[in-house]
1. Examine segment 50-67 for a residue that is outside any helix (DSSP H, G or I), at pLDDT 95 or above and open to solvent by 50 Å² or more (accessible area, probe 1.4 Å), and state whether such a residue exists.
2. Would you say GLY39 is at positive phi and either surrounded by 13 or more Cβ atoms within 10 Å (Cβ to Cβ) or not aromatic (Phe, Trp, Tyr) (or both)?
3. Within segment 80-89, is even one residue at pLDDT 95 or above, touching a His at 6+ places or on another chain (Cβ under 7 Å), of a type in the set (S, T, N, Q) and surrounded by 12 or more Cβ atoms within 10 Å (Cβ to Cβ)?
4. Restricting to segment 8-26, what's the tally of residues that are closer than 19 Å to ASP69 by Cα, buried (at least 17 other Cβ atoms within 10 Å of the Cβ) and within 10 Å of the chain's Cα centre (by Cα)?
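The values are calculated or read from the model by the stated rules, or taken from the named source; none is laboratory data. Source: prediction; values computed, not measured. Counting neighbours? That spans all protein chains shown, and the Cβs are built from the backbone with ideal geometry, glycine included. Ligands, DNA and RNA are stripped out before the accessible areas are found, and what is left, the full protein with its side chains, is counted by its heavy atoms. Shrake-Rupley method; radii C 1.70, N 1.55, O 1.52, S 1.80 Å.
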Amino acid sequence: MTEDLTSYPTDGILDLHTFHPRDAAEVTREYLRECSREGTYCVRIIHGKGKGVLRAIVHAVLSDCSLVDSWGTASDSSGWGATVVNLKRNAISD
């Protein structure tokens, strides 16, 4: 990974624009693990609209992550440029 997640805040907002696209899946997984450990159960992942490549990567990760309770595209003005994720409480990291 080109960016270091150790200093990235687990405030519930992950903006993937600051990371290289090849790292999107790994960054998303690690961010969700850290949020779960820190007790941040509502997460917004900003992947942008573009061609939908990052969105597809994020949605694939979310579909396969045992920490995730539910997820869907944001219902506010960002629309399909962001995905809102609800994490399970007291889940064991995968």
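1. yes
2. Taking the combined requirement at face value, the residue satisfies it.
3. yes
4. So the answer is 2.
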